[in-house]
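Quick notes on the structure that follows.
The values are calculated or read from the model by the stated rules, or taken from the named source; none is laboratory data. Here the structure is a predicted model, which means the values were calculated and not measured. Because the Cβ atoms are built from the backbone with ideal geometry, glycine has one as well, and the counts that use them run over all protein chains shown. Ligands, DNA and RNA are stripped out before the accessible areas are found, and what is left, the full protein with its side chains, is counted by its heavy atoms. Shrake-Rupley method; radii C 1.70, N 1.55, O 1.52, S 1.80 Å.
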Amino acid sequence: MLFEFTDRPMGDNLAGSNVKLDLKYPEDHIQSIIISSKGFYERDVLELILPHLSENDTFIDIGANIGNHTICVALNTKAQVISFEPSGKSFTQLKNNILLNNLKSSVKPYRLALGSEERADNLMIAPDNYGASSLERYCRFVGGEEGKEKIKVVRLDDVMASHADARVKVI
């Protein structure tokens, strides 16, 4: 479902943002809050982050989910955004949301999880809150094989080697 809203002014964007989001799963906790509030999820957190970012800065969004924080930062600052989301379903929505908001030049998404070493792992998808999904070894909810997804885990330092000019201000 394509969901559109005009967000109130934040950061450098004094006019507010016209936001388009691919919200395919309204039963998901985060997506349902965006729909019911007609605004970004965790707006209070975003309002704390935005003043710390300016042109030539980089924001790293780890566990980007559908791109709530990624899209908000990219629309409301001149910072570059590097996003990590290991889930295939959420990553597809993240990429769609980047394109819907014309942010391809300021956002670099990776379908990866981050950890202390490179390895393959299993992501357990939380059934009603995709943002609460976690690696199988840390999983606190019961899920069957249908909620398990093979993912790649890499070290942040290894990815950032290809972004040597990035001035990371907020992770």
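Sort Arg111, Arg43, Arg155, Arg137 from largest to smallest accessible area, using a 1.4 Å probe on the heavy atoms of the protein chains. It would help to have the intermediate numbers written out before the result.
On the way: Arg111 110, Arg43 35, Arg155 85, Arg137 140 Å².
From most accessible down to least: Arg137, Arg111, Arg155, Arg43.
For the chain, what does the accessible surface come to per residue with a 1.4 Å probe? Please give it in Å². Please list the in-between numbers first.
Working: 8980 Å² over 171 residues.
I get 52 Å² per residue for the chain.
Report the longest stretch of the chain that contains none of the GluC sites (Glu not before Pro) sitting in a DSSP loop with at most 11 other Cβ atoms within 10 Å. Mind showing how you got there, number by number?
Working: sites that count: Glu27, Glu55, Glu117, Glu118.
Value returned for the longest uninterrupted segment is 56-116.
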Quiz item: Over the heavy atoms of Lys89, what accessible area does a 1.4 Å probe trace out, to the nearest 10 Å²?
Solution: 80
Practice problem: List every residue whose amide H lies under 5 Å from the amide H of Asp61, counting only residues 5 or more places away in sequence or on a different chain, with H placed 1.01 Å from N in the peptide plane. | Solution: Ile82, Ser83, Phe84
Practice problem: Indicate the gyration tensor shape class of the chain (rounded, prolate or oblate), computed on the Cα atoms with a ≥ b ≥ c the square roots of the eigenvalues: a/c under 1.5 is rounded; otherwise a/b larger than b/c is prolate and the rest oblate. | Solution: oblate
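Cβ neighbours within 10 Å, averaged per peptide: list 156-167, 99-110, 74-85 in order, most packed at the top. Present the calculation step by step, with values, prior to reporting the outcome.
Values: 156-167: 11.6, 99-110: 16.7, 74-85: 23.5.
Going by the mean number of other Cβ atoms within 10 Å, highest first, we get 74-85, 99-110, 156-167.
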Quiz item: If you roll a 1.4 Å probe over the chain with all protein chains in place, what percent of the accessible area is carbon or sulfur?
Solution: 51
Quiz item: Using modelled backbone amide H atoms (1.01 Å from N, in-plane), which distant-in-sequence or interchain residues come within less than 5 Å of Gly16's amide H?
Solution: Met10
